[in-house]
Amino acid sequence: MFILKEGLTKNIQLPVTASTVIAAGSLVDYSSGKLVASTSSSAGKDVAGVLVKAITAADDDYADERLVDVQVPVEKNTIWEAPVTSGLVAADIGLYQDITDAVTVDRATSTYDIAQCVRVISTTKGHFFLNIGGLVT
């Protein structure tokens, strides 16, 4: 789960794919004009932001196409805390990594460079700049 730690963001409402479960704090990107959970092959330019509230199958509007709140960074150096697959070390600071899924940074890959490590909290958690949307370098 991506949790805002520092920096400016705003919530915007974006359309989500009907009948899709997505956890709060997930990175989301577009598929056919609607949001879906980001995956390990999501390109940073396609990631819209971080889903604010979980979407569950028990929601009254689960099967409806609707707008949901997405937290979007409005400055490049916004810091997000996120879990990491494993093995995060001080030497990773400054390096870019990909994601394993919508809620986890993959320390071992850097094809899409979604997250840049700026602080190691533990071997399985860190602080990151997100290289997404309009902020892609």
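All of the numbers you see were taken from the coordinates with simple rules; none came from a lab. These figures come from a predicted structure and were not determined experimentally. Every residue, glycine as well, gets a Cβ built from its backbone with ideal geometry; the counts of neighbours run over all protein chains shown.
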Residue 121 long-range amide H proximity, modeled H, under 5 Å: 126, 127
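Tell me, what is the FRET efficiency for residue 40 and residue 60 to the nearest 0.05, using R0 = 41 angstrom and their Cβ-Cβ distance as r?
Between residue 40 and residue 60 the formula returns 0.85.
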Structure-derived Rg and Dmax of the Cα atoms in Å: which label, when the choices are (1) 18.7, 60; (2) 14.3, 46; (3) 19.5, 63: (2)
Distance between modelled label sites at residue 20 and residue 108, nm, 7 Å Cα→Cβ extension: 2.7
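Could you give the dipole magnitude of the stretch 8-73 about its Cα centre, charging the beta-carbon of Lys and Arg +1 and that of Asp and Glu -1, in debye to the nearest 20?
It works out to roughly 280 debye.
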HN-Hα J in Hz across the stretch 90-106 - Karplus 6.51, -1.76, 1.60, θ = phi - 60°, x for Gly and Pro: 3, 5, 7, 4, x, 8, 9, 9, 8, 10, 7, 8, 5, 10, 9, 7, 9
Spherically averaged projected area in nm², based on the convex hull that wraps the Cα atoms of the stretch 79-135: 3.4
Residue of 97, 116, 13 that the Gaussian network model of the chain assigns the largest fluctuation, springs spanning Cα pairs under 10 Å: 13
3J(HN,Hα) from dihedral phi, the stretch 62-79, Karplus parametrisation 6.51/-1.76/1.60, rounded to Hz, x for glycine, proline: 3, 7, 9, 7, 7, 9, 10, 7, 10, 7, 10, x, 10, 9, 4, 9, 6, 9
Choice from 17, 100, 56 showing the highest fluctuation, given a GNM over the chain with Cα pairs closer than 10 Å: 56
